[in-house]
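Enquirer: Questions regarding the structure given below will be posed in turn.
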Amino acid sequence: MHTETLGHYEVELSARQLIHNGGWAAFAAIHARAEPTDDGASTPFSREWRVDETVFASEAAAIEGARVAALAFLKSGNAFVV
């Protein structure tokens, strides 16, 4: 799993190998953090999804596919309002 910070969001990118054909599926999880509370803790909010039905030839290609999809999702205005 790869983690990247994009503004107020932490994006986790991962790939899972498919048993039936050996290809790779891409997954992304986007975590937004609320403002810290008085005790310094923050409340995480997250959304995780399989990028689409694309089967990638390698783990690296699936991770890149997850990155592209997560960036498009954040740029589209679908991100959380915290």
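None of the figures in this text is laboratory data; all of them are computed from the coordinates on show. None of these values were measured; they are calculated from a predicted model. Cβ placement follows ideal geometry from the backbone for every residue including glycine, while neighbour counts extend to all protein chains displayed.
Enquirer: Quick one: which residues, 5 or more positions from Leu18 or on another chain, have an amide H under 5 Å from its amide H? H modelled 1.01 Å from N in the peptide plane, none for Pro or chain starts.
Expert: Counting only residues 5 or more places away or on other chains, the set is Gly23, Trp24, Ala25.
Enquirer: Arrange Val11, Val68 by Cβ neighbour counts within 10 Å, fewest through most, would you?
Expert: The fewest-first ordering by Cβ neighbours comes to Val68, Val11.
Enquirer: Going by how many other beta carbons lie within 10 Å of each one, how would you line up Ser58, Ser76, fewest first?
Expert: Neighbour counts put them in this order, fewest first: Ser76, Ser58.
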